[in-house]
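The values are calculated or read from the model by the stated rules, or taken from the named source; none is laboratory data. Computed from a predicted model, the values in this text were never measured in an experiment. Backbone-built Cβ (ideal geometry, glycine too); neighbour counts: all protein chains shown. Just so you know, the surface numbers come from the protein's heavy atoms only, side chains and all, with ligands and any DNA or RNA stripped out. Shrake-Rupley method; radii C 1.70, N 1.55, O 1.52, S 1.80 Å.
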Amino acid sequence: MPQVFITPRFTLRAVAESDLDALLRNFSDRALMRYYDGTPLDDLAAVRELLETWRRRERKGTGLRWAIARKDNDELIGTFGLHDIDRRARCAQIGCEVARAYWGRKVMNEIAPVIGRHVFEELDLRRLDACIAPRNRASIALIESLGFRRRRLLRQRMILNGRRSDVFLYSMTRARYRALVRPGVLATLAEMPALAREMLAGAIHEFGAPYQRRVR
């Protein structure tokens, strides 16, 4: 069972049977599922099957899935997951979805630091990957704002709306994560445009703490 985490607005916890209706609302939303690897789900039976897939991966040690629930009423608004966990290579791929009512409300910005610390410091993974369709500009902007770097284009990797699609592969290494979470760096990065953010992060990664102290 995934570890529970608390952020200012949300609780990250295991997905429960009581979440099935909320999951169906999200996974039947064709706008939300437009760039999701899979097809929209039309009934509770399909959602139960998805939940059992997540639990089976958890039992095998190849996946973890958190419900993203509002802290005030425990309502599920989305999920965040690790899949294809490879303990030998110490890497995993991430996936998530958030209800449309919460788009633009910085949900991922709030939970990403908690997940990052858990993945890189407690689970001791060395790399996280994310696959994103080239047309999914909102998710690309988000993943880049969190510090992920684009590695390459993967041909015909996802199934989007029933068709094979190319995706960009993004990655975050533990070394880069640790550079970004040094005191004061994340706040500085969040206030900077993308190009300046990337230049600063690269300089910190190359030159280390002395450079960081100079740019404060």
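Name every residue in the stretch 95-128 that is within 18 Å of residue 34 (Cα to Cα) and among the hydrophobic types (A, V, I, L, M, F, W, C), in order of residue number. If you could, list the steps in order and put the result at the bottom.
Taking the stretch 95-128 first, the residues within 18 Å of residue 34 (Cα to Cα) are 95-104.
Those that are within 18 Å of residue 34 (Cα to Cα) and among the hydrophobic types (A, V, I, L, M, F, W, C): 96, 98, 99, 101, 103.
Among residues of the stretch 128-174 being among the aliphatic types (A, V, I, L, M), farther than 17 Å from residue 93 by Cα and assigned to a helix (DSSP H, G or I), the one that is least open to solvent (accessible area, probe 1.4 Å) is 141.
Looking at 210, 183, which is the one that is at pLDDT below 95 and in a loop (DSSP other than H, G, I, E, B)? Before you say what the answer is, go through the steps one by one.
On the way: 210 fails: in a loop (DSSP other than H, G, I, E, B).
Within the list 210, 183, the selection yields 183.
Close contacts from the stretch 78-106, counting a first residue that is under 17 Å from residue 54 (Cα atoms) and a second that is of a type in the set (Lys, Arg) and buried (at least 19 other Cβ atoms within 10 Å of the Cβ), with Cβ to Cβ under 7 Å and a gap of 6+ residues or different chains, come to 79/65; 81/65.
So which residues in the stretch 39-70 are more than 19 Å from the chain's Cα centre (by Cα) and open to solvent by 60 Å² or more (accessible area, probe 1.4 Å), if there are any at all? Listed by number, the residues that qualify are 39, 42, 43, 45, 48, 49, 52, 56, 59, 60.
Can you pull out the residues in the stretch 106-138 that are among the acidic types (Asp, Glu) and closer than 27 Å to residue 154 by Cα? Listed by number, the residues that qualify are 124, 129.
Can you tell me which residues in the stretch 18-43 are among the aliphatic types (A, V, I, L, M) and over 17 Å from residue 75 (Cα atoms)? If the condition is that a residue be among the aliphatic types (A, V, I, L, M) and over 17 Å from residue 75 (Cα atoms), then 31, 32, 33, 41 are the ones that fit.
Considering only the stretch 79-122, how many residues are open to solvent by 60 Å² or more (accessible area, probe 1.4 Å), closer than 13 Å to residue 63 by Cα and not acidic (Asp, Glu)?
Residues of the stretch 79-122 that are open to solvent by 60 Å² or more (accessible area, probe 1.4 Å), as a first pass: 84, 86-88, 100-101, 103-106, 109, 117, 121-122.
Going one step further and asking which of them are closer than 13 Å to residue 63 by Cα, we end up with 84, 86-87.
With not acidic (Asp, Glu) added as a condition, the list becomes 87.
Residues meeting the conditions: 1.
Just to confirm my filter: which strands (runs of 3 or more DSSP E) fall fully inside the stretch 1-90 and include at least 3 residues that are under 29 Å from residue 135 (Cα atoms), in contact with a helix residue (DSSP H, G or I) (Cβ under 9 Å, 6 or more places away or on another chain) and not hydroxyl-bearing (Ser, Thr, Tyr)? Let's see the steps before the verdict.
Working: elements: 10-14, 64-70, 76-86.
Answer list for the stretch 1-90: 64-70, 76-86.
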